[in-house]
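Okay, so here's the structure we're looking at.
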Amino acid sequence: MQKICLFLSGLLFSGLLLAQESATYQRPPKILEELLLAPPTPTVSIDDKANYMLVMERSQYPDVEELAQPELRIAGLRINPRNFGPSRSNYITNFKIKNIKSGKEMQVSGLPANLKGGSPTWNPSQTKIAFSNSLNDRIDLYEVDVKTGFAKKVNKRALNLALGSYRYHDDATLMYEVTMATAAAAPKEPVAPSGPVIQENLGKAAPSRTYQDLIKSPHDEALFAFYTTTQPVMNKAGVETNFGKPGIYTTISASPDHKYFMVRQIQKPFSYLVPVNGFPSTIVITDAKAVSLKKLATLPSSETAPSGFDNVQDVPRGFSWRSDKAATLVWSKPLDGGLYKNTMEFHDAVYTLSAPFTGNEETLAKTAMRFRGITWGNATMALLNEGLTRQQKVRVHRLDPATGATEVLIERSTNDRYSDPGSPVLERNSYDRQVLKIMNNGTALLMEGEGASAEGDMPFLALFDMSTKKNTILWQCVAPYYETVVEVIDAAQKKMITRKESLTEVPNYYLRDLNSGTTTALTNFTDPQPALRELTKEKISYKRADGIDLTATVYLPAGFKAGTDKPLPVLMWAYPREFKSAADAAQVRGSQYRFSGVSWGSPVFYATMGYCVMDATEFPIVGEGTKQPNDNFIDQLRQNAEAALKKIHDLRYGDSSRAAVGGHSYGAFMTANLLAHTRLFKAGIARSGAYNRTLTPFGFQAEERTFWQAQELYLQMSPFAHANKIKDALLMIHGEADNNSGTFPIQSERMYAAIKGHGGTVRFVSLPFESHGYAGRQNVLHMLQEQYAWLETYVKGK
């Protein structure tokens, strides 16, 4: 194993105060390592008629040397400059195909050696499956014949997946984008720049959240253009035919009848403030030979988008094809200039334009809130969605596309899970597009949902009557299982595929026939982490001081007996969430019947080491009426923590005087704030967080006010501004290549320096080559050991 130095700064476990420590990778206790490195359960993809199941085995935790390969971080992208694809992916390492009716499973033959497969896609008749294979210097495309299980390479030119994709145009034709040159032809960085980099703004407001990996120089611009310029091609029977001319394409979408294309291309100037999805672009309609028929829009950079969650640019947006028509485009545009504060009866309008696209667009509908899309059904039935982010509202209308008439079917808070009637079940139409499954002669919709309730999530399948606006439950999972609908095969015969699990049973797939009441197992996956079955798992409920109901999922070591054994040291893991309603915040989330599994970021590992672990500890931040949730953020954090600690103490599970708190990203921000403003915890674990909110001045998380509108709030919520108050031990971990908006590594660097400068107990671990989520095997194992040693030293040992 290659030894790579980590620069670890702070108060070392030996008690010596050093500026930094050069260390080799460490490994956690054996049981933690075995849990982490257990082979992951395969994933599956099933055809619509449940004839065949594609079983996919996946890679996990690559070696750090793999993460250390060249990577281009530019325009919000992370590109492998050797093969023109994404630089970091979890690959599929093997494919198998199972005949569901016979139960026979066959290994796919013809796969390339050392497969690094990309996401598979089925052709319209679902007789073939295409997937990519990433090599060191190129990406190829393979196609599998479902009946024979034979795979073969179908491309000649190397694929470019930096922005591109691969998809079936029809049963026999694949469409994808190919590279224009070899990596050796990439623009060379000049020895010295030709001049300074200059940006300017001439009086227009351009608020922007804090993005990473942006273009920073003319050389970056040249690299971006080189790696993202592609030639679209059609591949039929192995023959590649160019589609149009080379360009930087973000969308090439065929109309349902395959006679037209909607094409979106990036244009200069490239932005230095926003990622590629905010660059200037043009949207045109072409014919099947890529001849331009009509320019739909010239869209400016999103730099000038107004701040505020429900504000939008005053330009057309959301272009898509109508799924139930041969060739009709749909889009929306604000009627309020993009500013929701402007008083209007309707804030958005929805437009359509049909082939041959020579006339003017027609107004299909108008929405009182922001338009959120349409789920198409048929000529007289669709669902029109609108909503508001700030008010956490959503409204669903029944829309008659023929007349434009609408009727409200659903109106609810997006955080009110108990009232959620579910999502409509979709089916393929004659155009091979997903449309609403309409039942009972057009009077009802088939719905599937999580079934949230005070007893936890109980997923269901239901008929939604559009007259009464109520569900009739056709099927619902029952305790002690958690079972979800994967696919409805035959609605009339009430046949479906579900995924079923329990506390002790591994998630597996089943064919359910509701008419006959029979259930047939389709898979028999085994437990990859049997040591977790020895733990006790329990979902507990309690109230915080202001009366809001809260929950947490508790994991206890094997054999622990409350009331007999000494209460355990506690690790509480949480992530704050914002609500506009106390009632919504109090709702139960999740299910106590889920099968427990752990991946790199889970705190559950430490229940095997003698800790009482509180996972998914609810930390709601509520702001009702005219108040915003963050108006009393710190006080609500304290109430949440106090209530959780009291409950675990009262149950005699945990010792509240020996407790640690931890979280990732916004959970790390929460952790640092709790240590800055309370003495409830002996230690904290903060991973990949942001601690100085003045460095995210145009809003963060669910806060839409800017720093200049709420300076006192930004400072009060910034644990960096209160670093001198942190008296308990804080372990900080950050990926040195974090790509998440706002959580720049400098956030942890400066927070560490601030705590250290005031004599606090703090340790900072920077993980080489890691992004916002961690992937490298050595890095993740080291992280587990760091967390374990911190808990043993500052929590269990006191």
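The values are calculated or read from the model by the stated rules, or taken from the named source; none is laboratory data. Just so you know, these numbers come straight off a predicted model, no measurement behind them. Note that we place each Cβ from the backbone using ideal geometry, even for glycine, and neighbour counts take in every protein chain shown. Calculation scope for accessible area: heavy atoms of the full protein, side chains included, ligands and nucleic acids excluded. Shrake-Rupley method; radii C 1.70, N 1.55, O 1.52, S 1.80 Å.
The packing ranking of peptides 196-205, 288-297, 672-681, 553-562, highest mean first, is 672-681, 553-562, 288-297, 196-205, where packing means the average number of other beta carbon atoms within 10 angstrom of each residue. On the beta carbon distance between residue 182 and residue 715, with R0 = 35 Å, the FRET formula returns roughly 0.10.
Do any of 30/539; 49/539; 537/646; 561/646; 147/245; 152/500 go past 26 Å between their Cα atoms, and which?
Pairs exceeding 26 Å: 30/539; 49/539; 147/245; 152/500.
So for each of 579-585, 738-744 I average, over its residues, the number of other beta carbons within 10 Å; can you give me the resulting order with the highest mean first? Mind showing how you got there, number by number?
Numbers: 579-585: 19.1, 738-744: 20.7.
Averaged packing, sorted descending, gives the order 738-744, 579-585.
Over the stretch 280-335, what is the relative contact order in whole percent, taking alpha-carbon pairs under 8 Å and six or more residues apart?
Worked out over the stretch 280-335, it gives 23 percent.
Ligands, DNA and RNA excluded, the heavy atoms of residue 27 present near 140 Å² of accessible surface to a 1.4 Å solvent probe. You can think of it this way: the chain between residue 502 and residue 209 has 101.3 nm of extra reach, that is 0.36 nm per residue less the Cα-Cα gap. Where in the stretch 125-147 does the label zone of residue 113 land, with the point 7 angstrom along Cα→C-beta and an amide N cut-off under 14 Å? The answer is 136.
Only one of the listed values, (i) 16, 48, 31, 5, 0; (ii) 13, 36, 29, 16, 6, 0; (iii) 14, 45, 38, 4, 0, was derived from the coordinates as P(r) over Cα pairs in 20 Å bins from 0, in percent; which label is it? Computed from these coordinates, P(r) over Cα pairs in 20 Å bins from 0, in percent corresponds to label (iii).
Taking the 1.4 Å solvent-accessible surface of the stretch 683-774 as the whole, the part contributed by carbon and sulfur is 52%.
Ligands, DNA and RNA left out, the accessible area of the stretch 331-447 computed with a 1.4 Å probe is 44% carbon and sulfur. Contact order, relative form, for the chain: 9 percent (alpha carbon pairs under 8 Å, 6 or more residues apart, mean separation divided by residue count). In summary, the lysines within cross-link reach of residue 333, defined as a Cα separation below 23 angstrom excluding same-chain residues under 8 places away, comprise 204, 294, 295, 325, 341, 366, 393. From the P(r) of the stretch 484-545, can you give the percent of Cα pairs sitting at distances over 19 Å? Tail fraction, whole percent: 49. Considering helices alone, the calculated mean residue ellipticity of the chain at 222 nm is -3500 deg cm²/dmol, with DSSP H runs of length four and up weighted by -39500 (n - 2.57) and normalised per residue. Among 715, 214, the order of accessible area from largest down is 715, 214, computed with a 1.4 Å probe on protein heavy atoms. Taken about its Cα centre, the stretch 68-131 carries a charge dipole of roughly 100 debye when the Cβ of each Lys and Arg holds +1 and the Cβ of each Asp and Glu holds -1. If only the Cβ of Lys and Arg carry +1 and only the Cβ of Asp and Glu carry -1, the dipole of the stretch 639-793 around its Cα centre is close to 400 debye. Taking 7 Å steps out from each Cα toward its Cβ at residue 546 and residue 741 produces label points 2.7 nm apart. Counting only Cβ charges, +1 for Lys and Arg and -1 for Asp and Glu, the dipole size of the chain around its Cα centre is about 500 debye. Largest accessible area first, the residues 624, 578, 189, 792 order themselves as 189, 624, 792, 578 under a 1.4 Å probe with ligands, DNA and RNA left out. Here the label points at residue 354 and residue 515, each 7 Å from Cα along the C-beta direction, are separated by 3.7 nm in the simple model.
Tell me the GluC sites (Glu not before Pro) within the stretch 428-536 that lie in a loop according to DSSP and have at most 13 other beta-carbon atoms within 10 Å.
Values: sites: 448, 450, 455, 483, 487, 501, 505, 534; in loops: 450, 455, 505.
Listed in order of number, the matching sites are 455.
Atom-type composition of the exposed protein surface of the stretch 467-541 places 47 percent of the accessible area on carbon and sulfur (1.4 angstrom probe).
Suppose all protein chains stay in the model; what accessible area per residue would a 1.4 Å probe give for the chain, in Å²?
Numbers: 34250 Å² over 798 residues.
Accessible area per residue, the chain: 43 Å².
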